[in-house]
Each structure stands twice: as C-alpha cells, then as structure tokens.
Amino acid sequence: MSEERRLHPRVTHLFVGQWHASSGAAHVRVGDLSVGGCFVQSLAMPKPGETTSVTVTVGERIFTFSGQVIYLDPGIGFSMKFVGIPEAEAQELTRRLADVKV
C-alpha cells in the first residue's frame, strides 16, 4: 500500500468548475479538493507540468486557483497542485470545505 503524500485533507465531492491553460479550457467537475490541490474530471487535458488555473464553486463562493498539472489520467481527468494561494483564501476554502456534506 502506498503512503499518503498529501499535506492537506481532501474532500471527495463533485464540485462544478472549469479549467483554463494555454493549451485549452473546459467546463468540468472537480472530484477531490483540498487547500493543496484537486482532481479535475475532464476529457480535455492540459499538458503535463503546464501552469493551469481552475475555478471551482464551493457552497456559494467561487474560488480561482493557479497551479501545476502533476498527473494525467487520459479520458478521466488530471491532478493539479495549487501554487501561491494567499493565506486568507486558504483559510476561507478550509472553512467552506468543512461545511460540505460528503
């Protein structure tokens, strides 16, 4: 069994969102979300390592985060690691995720 590498607890829930990068953009579902990153369910894929932004709605709040694509699962989606989230945004996302019913 592999060791858990995530630094932040994730919430597994279907969130509505979209991603945008120089290689394209798409409306998506975000299946896992934490302060550290997310898994984006999308048939359209950015390039591995590409800087990408994702916009996701949590509760009634819309968040936009930038990060790097770290894993592609063709036909399913991709994982991205968020970079440079301001502390206030991280705290607000943490509060909103705590209220999500899984």
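Tally time: how many residues in segment 60-75 are over 15 Å from F15 (Cβ atoms) and either touching a helix residue (DSSP H, G or I) at 6+ places or on another chain (Cβ under 8 Å) or surrounded by 14 or more Cβ atoms within 10 Å (Cβ to Cβ) (or both)? Don't jump to the end; show me each part of the working.
Taking segment 60-75 first, the residues over 15 Å from F15 (Cβ atoms) are 66-75.
Remaining after also requiring either touching a helix residue (DSSP H, G or I) at 6+ places or on another chain (Cβ under 8 Å) or surrounded by 14 or more Cβ atoms within 10 Å (Cβ to Cβ) (or both): 66-69, 72.
Number satisfying all stated conditions: 5.
Is it the case that some residue within segment 40-59 is open to solvent by 70 Å² or more (accessible area, probe 1.4 Å), closer than 21 Å to S22 by Cβ and modelled with pLDDT of 95 or more?
Here is the first cut: in segment 40-59, the residues open to solvent by 70 Å² or more (accessible area, probe 1.4 Å) are 43, 47-48, 51.
Among the residues that remain, those that are also closer than 21 Å to S22 by Cβ are: 43, 47-48, 51.
Retained after the next criterion (residues that are modelled with pLDDT of 95 or more): none.
No, segment 40-59 contains no residue that is open to solvent by 70 Å² or more (accessible area, probe 1.4 Å), closer than 21 Å to S22 by Cβ and modelled with pLDDT of 95 or more.
Of the numbered criteria (1) at pLDDT 95 or above; (2) in contact with a Leu (Cβ under 9 Å, 6 or more places away or on another chain), the one T12 fails is (1). Cβ contacts < 7 Å: first residue touching a residue at least 24 places away in the same chain (Cβ under 8 Å) and in a loop (DSSP other than H, G, I, E, B), restricted to segment 45-71; second residue of a type in the set (S, T, N, Q) and open to solvent by less than 60 Å² (accessible area, probe 1.4 Å), any location; separation 6+ or different chain. Result? That search, which allows pairs on different chains as well, returns P46/S23; P46/T52; K47/S23; E50/S23.
Tallying residues that are open to solvent by less than 10 Å² (accessible area, probe 1.4 Å) and free of Cβ contacts under 8 Å to residues at least 40 places away in the same chain within segment 22-39 yields 1. I'd like to know if segment 80-101 contains one or more residues that are more than 14 Å from the chain's Cα centre (by Cα), touching a residue at least 60 places away in the same chain (Cβ under 8 Å) and open to solvent by less than 50 Å² (accessible area, probe 1.4 Å). Within segment 80-101, one or more residues are more than 14 Å from the chain's Cα centre (by Cα), touching a residue at least 60 places away in the same chain (Cβ under 8 Å) and open to solvent by less than 50 Å² (accessible area, probe 1.4 Å).
The values are calculated or read from the model by the stated rules, or taken from the named source; none is laboratory data. Source: prediction; values computed, not measured. Glycine gets a Cβ as well: all are built from the backbone with ideal geometry, and neighbour counts include every protein chain shown. We work out accessible area using only protein heavy atoms, side chains counted, and drop any ligands, DNA or RNA first. Shrake-Rupley method; radii C 1.70, N 1.55, O 1.52, S 1.80 Å.
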